[in-house]
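The values are calculated or read from the model by the stated rules, or taken from the named source; none is laboratory data. Since the model is a prediction, treat every value here as computed from it, not as a measurement. Don't worry about glycine lacking a Cβ; one is built from the backbone with ideal geometry, like all the others, and counts go over all protein chains shown.
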Amino acid sequence: MERILVGLKRVVDANVRVRVRADGSGVETDGLKMSINPFDEIALEEALRIRERGEAQEVVVVSIGGSECQQQLRTGLAMGADRAIHVDADPELDQLTIARILLALAEKENPGIVLLGKQAIDNDNNQTGQMLAALWGRPQATFASKIVLDGDTNATVTREVDAGLETVEVDLPAVITTDLRLNEPRYVKLPDIMKAKKKPLLTVAFADLGVERAPALEPVAFEPPPQRQKGVLVEDVAGLVEALKARGLLR
Amino acid sequence: MNRVLVIAEHDGAALNPSTAKCVACAAALPDPEIHVAVFADNGEAVAAEAARLQGVARVLEVDHPANAHPLAAVLAPQIAALADGYTHVLGPSTTFGKDVMPRVAALLGVNQVSDVMSVEGSHRFKRPIYAGNAIVTVEAPAGSVVVATVRTASWQAAETGQDAPVESKPVEVPLPEHTRFVEVSAAKTDRPDLQTARIVVSGGRALGSAENFDLIYRLADKLGAAVGASRAAVDAGYVPNDMQVGQTGKIIAPDLYIAVGISGAIQHLTGIKDAGTIVAINKDAEAPIFEVADIGLVGDLFTVVPELEKALS
Ligand SMILES: Cc1cc2nc3c(=O)[nH]c(=O)nc-3n(C[C@H](O)[C@H](O)[C@H](O)COP(=O)(O)OP(=O)(O)OC[C@H]3O[C@@H](n4cnc5c(N)ncnc54)[C@H](O)[C@@H]3O)c2cc1C
Ligand SMILES: Nc1ncnc2c1ncn2[C@@H]1O[C@H](COP(=O)(O)O)[C@@H](O)[C@H]1O
């Protein structure tokens, strides 16, 4: 196939613990380490492997948000993507509008696969890929742990589902979303970061895409989750058994 | 009145317990009339089961050979067509619901409310974000249909004990053929289901191998428990993926959760927040799991677990 389109969302790094602002107006993200959404890194890695096997010619990374997300696109280019598209838009855009933007790009770029993460670890929505597939009228294979391409016409995808592993066959083009076990992303090497500076990064304004903004869900309040209290430490197994009995959990 | 359509999850033979949780969530909406839709090739048995759930006014049985296996691309256009006249369409936050419901939402032109923890009004819901580090209350646009997935661990299953009418409901929409089911490989187990078990024993990276994980299985069997795992244990190949508990695995709420050799990363903890009692067995007294454990035991699992198994005999 000619190309694979990969979505990269800029999110607070998975190792950072975020806090709700004291006034409940939102989640404090100022000054926190930002990264490519881990599932998107897996999506990019998979696209690169497909290209390296000679099954795709080009890998294009896309990020939608403020100019800051060019950092994540540069990292994507350093990992090995060929070019990047930054859609300059409100970083708080809703998922349906994001899906509409990705549709506009898919119609322009004609990718054989759009590879996205199964979920962005900030809003934990898990919906953009499925929405894009619906709007595009194309197959979706979500939560992928294995992708096997059969030429440019179809793909066999193994999916991580609650019951175990499910295999589906989809015609291409299709939307595939990644799960954790699909691959282990490569590390970026210093020379690649230098090389990435010369790779093309195109910025498009949201307003120029002709995409209508969808009605969003309005966040009205944020609160910290109820905290669990630290419990007791027991000395040994006998103490554990006793504590469980005291709570009525063992007879 | 809110007219609520709940999309049943099932395996062709039996209703998945997640559906009773969705019905409970639907019942929390103001003045609800709850219908359950069963998409299957022959959904008679499943529909009869759904009809027994308290609060359900009617079951719609949508039989079609293409519905033999749940494929989002095939189900979504049917659900979207059936959704006409409903104020809410709910599915579970299981891999089934997470796959199909956003596709329905897009066809209906709305954003999905993912992982509903509580209902605050007909269009107002609480949901977790940032691996459960924050809870946001969201308001869906007034007057538009609400498409949502229900965080099953937050809800008590609706009780059974009634018999609502079941109606055969053909849905005439063109179905795509671009997506084909090949197979599902499910590990056969006699143990309780991880998502509904009263007791769960989970093992982490510390187990070190698939063979050593036997310790966890033996303890679980003594307790009549289901078995779970951390991502690290799944990634290392000690156990299959369907055992992963956490932000990106299964979110569970057993009465008793025993974490063995699990450090307690935020992504893991988010999957067990709603557990009744958390027990941690870990050799590192500083492990974050002890911050949330109700009962902690600092020790080497390779001595503690066999001892515990013996104590339970
Ligand atoms: C995007 C993303 C999503 C994720 N989703 C999930 C998820 O859904 N679920 C999940 O679990 N993780 C998830 N993770 C991974 C998570 O961050 C942790 O890496 C993982 O949970 C660690 O697993 P563990 O506790 O088994 O291993 P470790 O963190 O390595 O902990 C092992 C523990 O075992 C203890 N130990 C070692 N030897 C012994 C012994 N002999 N006896 C007793 N104790 C011993 C150690 O003290 C340590 O605390 C996710 C990560 C990311 C980035
Ligand atoms: N702003 C964005 N820019 C690029 N890709 C995105 C963006 N938002 C979501 N995605 C993609 O959609 C996936 C699922 O996101 P979500 O539905 O928000 O959980 C992510 O893993 C990304 O691949």
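Please find, within region A:142-158, the residue that is nearest to ligand 2 (Cβ to nearest atom) out of those that are facing chain B (nearest Cβ under 8 Å) and of a type outside the set (F, W, Y).
Restricting to residues being facing chain B (nearest Cβ under 8 Å) and of a type outside the set (F, W, Y), the top hit is A:T142.
So, of the residues in region B:282-313 that are closer than 25 Å to A:G248 by Cβ and among the acidic types (D, E), which turns out to be farthest from ligand 2 (Cβ to nearest atom)?
B:E307
Give me the helices (runs of 4 or more DSSP H) completely within region B:255-311, filtered to those with at least 1 residues that are modelled with pLDDT of 95 or more and among the hydroxyl-bearing types (S, T, Y), ordered by residue number. Reasoning before the result, please.
Details: elements: B:266-269, B:289-292, B:301-311.
Answer list for region B:255-311: B:301-311.
Checking the structure you have, find out if any residue of region B:86-104 is closer than 18 Å to B:L15 by Cβ, buried (at least 21 other Cβ atoms within 10 Å of the Cβ) and free of Cβ contacts under 8 Å to residues at least 12 places away in the same chain.
Within region B:86-104 (the criterion being closer than 18 Å to B:L15 by Cβ, buried (at least 21 other Cβ atoms within 10 Å of the Cβ) and free of Cβ contacts under 8 Å to residues at least 12 places away in the same chain), the answer is yes, since at least one residue qualifies.
Across region B:105-130, what is the number of residues that are out of contact with any strand residue (DSSP E or B) (no Cβ under 7 Å at 6 or more places or on another chain), surrounded by 24 or more Cβ atoms within 10 Å (Cβ to Cβ) and assigned to a helix (DSSP H, G or I)?
Number of matching residues: 1.
Can you go through A:A84, A:A43, A:A56, A:A47 and tell me which one is assigned to a loop (DSSP other than H, G, I, E, B) and small (G, A, S)?
Testing whether each residue is assigned to a loop (DSSP other than H, G, I, E, B) and small (G, A, S) leaves just A:A56.
Considering each of B:A153, B:A142, B:A197, B:A229 in turn, give the residue that is out of contact with any helix residue (DSSP H, G or I) (no Cβ under 6 Å at 6 or more places or on another chain) and within 15 Å of ligand 1 (Cβ to nearest atom). Quick ask: steps written out before the conclusion?
Details: B:A142 fails: within 15 Å of ligand 1 (Cβ to nearest atom); B:A197 fails: within 15 Å of ligand 1 (Cβ to nearest atom); B:A229 fails: out of contact with any helix residue (DSSP H, G or I) (no Cβ under 6 Å at 6 or more places or on another chain).
Result of the check over B:A153, B:A142, B:A197, B:A229: B:A153.
If a residue has to be within 16 Å of the chain's Cα centre (by Cα), more than 7 Å from chain B (Cβ to nearest Cβ) and over 14 Å from A:G112 (Cβ atoms) to count, how many in region A:128-141 make the cut?
3
Residues of region A:115-139 being free of Cβ contacts under 8 Å to residues at least 40 places away in the same chain and part of a helix (DSSP H, G or I), which ones?
Listed by number, the residues that qualify are A:M131, A:A134, A:L135, A:W136.
Would you confirm whether any residue within region A:104-118 is among the charged types (D, E, K, R), surrounded by 24 or more Cβ atoms within 10 Å (Cβ to Cβ) and touching a Phe, Trp or Tyr at 6+ places or on another chain (Cβ under 7 Å)?
The answer is yes, given that some residue of region A:104-118 is among the charged types (D, E, K, R), surrounded by 24 or more Cβ atoms within 10 Å (Cβ to Cβ) and touching a Phe, Trp or Tyr at 6+ places or on another chain (Cβ under 7 Å).
Report, by residue number, each residue of region B:270-297 that is within 22 Å of B:R231 (Cα to Cα) and β-branched (V, I, T).
B:T270, B:I272, B:T277, B:I278, B:V279, B:I281, B:I289, B:V292
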